[in-house]
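Working notes, beginning with the structure itself.
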Amino acid sequence: MADATQGRTVAESQSETTHAILPRDSNVLGTLFGGKLMQFIDLVGAMAAIRHARTYVVTASMDHLDFVSPVRVGELLILKASVNRAFKTSMEVGVRAMVEDIREGTLRHVSTAYLTFVAMDASKQRVEVPPVVPETGHQKRRYDDALRRREMRAGETQRKRESRAGAPPVWSL
Ligand SMILES: CC(C)(COP(=O)(O)OP(=O)(O)OC[C@H]1O[C@@H](n2cnc3c(N)ncnc32)[C@H](O)[C@@H]1OP(=O)(O)O)[C@@H](O)C(=O)NCCC(=O)NCCS
């Protein structure tokens, strides 16, 4: 296991969940609710971030999400999460959602998401996280891409903050 001051490998925190999709998870067309998929994505992403940071985390953002293909009741949904890169107190986590075709033994792509988690201690104070040590070619590409996405997010967050600054602090109903 890598020394935390030197960083942690991607493999050390990779996380996976499998969900059998039940009628209670579905809409009237018998396919998984988009919001339920977002919940599953958030949860598996948080697992990877917690394993990397070894402390509590909160979700700061989830980037744009496309639902590429529907997930039907009775299908098995598999989610895989990896910490792409750690910054100071935040980490970008990539989550890939797939459906397993049990008879064919193949996987169908459902969605890909990028989330940012911020590490916190028990007093809800932000804490620094160890760096990510990418090992494979894929991990190195994702590590580089994560910095580009962070720069785009920072611009977007700044624009939203400026727009909120002009809005009333409390909305009336
Ligand atoms: C996320 C949160 C901790 C950021 O706190 P903040 O005081 O705005 O902190 P800062 O602007 O100094 O940013 C702290 C870190 O978060 C990152 N960050 C903040 N807002 C972000 C956003 N919208 N998207 C991605 N990263 C973000 C910053 O880049 C920074 O990362 P770094 O330390 O690695 O450089 C705070 O907004 C919060 O607690 N939000 C609610 C979280 C929550 O409850 N999530 C569950 C959903 S209800």
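Among Leu79, Leu37, Leu107, which one shows the biggest mean-square fluctuation in a GNM of the chain, springs joining Cα atoms closer than 10 Å?
Leu107
Where in the chain is the longest stretch that carries no chymotrypsin sites (Phe, Trp or Tyr not before Pro) classed as loop by DSSP and with at most 14 other Cβ atoms within 10 Å?
The longest uninterrupted stretch comes out as 68-170.
Mind checking which lysines have their C-alpha under 21 Å from Lys88, skipping anything on the same chain fewer than 8 residues away?
Lys124, Lys140
Could you work out how far apart the two model spin labels at Leu76 and Thr106 are, taking each label as a point 7 Å from the Cα in the direction of the beta carbon, and quote it in nm?
1.7 nm
Counting only other residues whose beta carbon sits under 15 Å from that of Ala119, what net charge do I get with K and R as +1, D and E as -1?
Net charge in that neighbourhood comes out at +4.
Quick check: from the Cα gyration tensor, does the chain come out rounded (a/c under 1.5), prolate or oblate?
Verdict is oblate for the chain.
Give the cross-link partners of Lys36 among the lysines, using a straight C-alpha distance below 18 Å as the criterion and excluding same-chain residues fewer than 8 apart.
Lys80
With a Förster radius of 22 Å, plug the Cβ-Cβ distance of Asp66 and Met152 into 1/(1 + (r/R0)^6) and report the FRET value to the nearest 0.05.
0.85
Quick one: among Ala20, Ala48, Ala86, which has the greatest mean-square fluctuation in a GNM of the chain with alpha-carbon springs under 10 angstrom?
Comparing Ala20, Ala48, Ala86 in a Gaussian network model of the chain, the most mobile one is Ala20.
Pairs of alpha-carbon atoms within less than 8 angstrom and 6+ residues apart define the contacts here; what relative contact order does the chain have, in percent?
Computed value for the chain: 25 percent relative contact order.
Values quoted throughout were computed directly from the atomic coordinates according to the rules given, and no laboratory measurement underlies them. Just so it is clear, the model here is predicted, and its values are computed rather than measured. Heads up, the Cβs are rebuilt from the backbone with ideal geometry, glycines too, and the neighbour counts pull from every protein chain shown.
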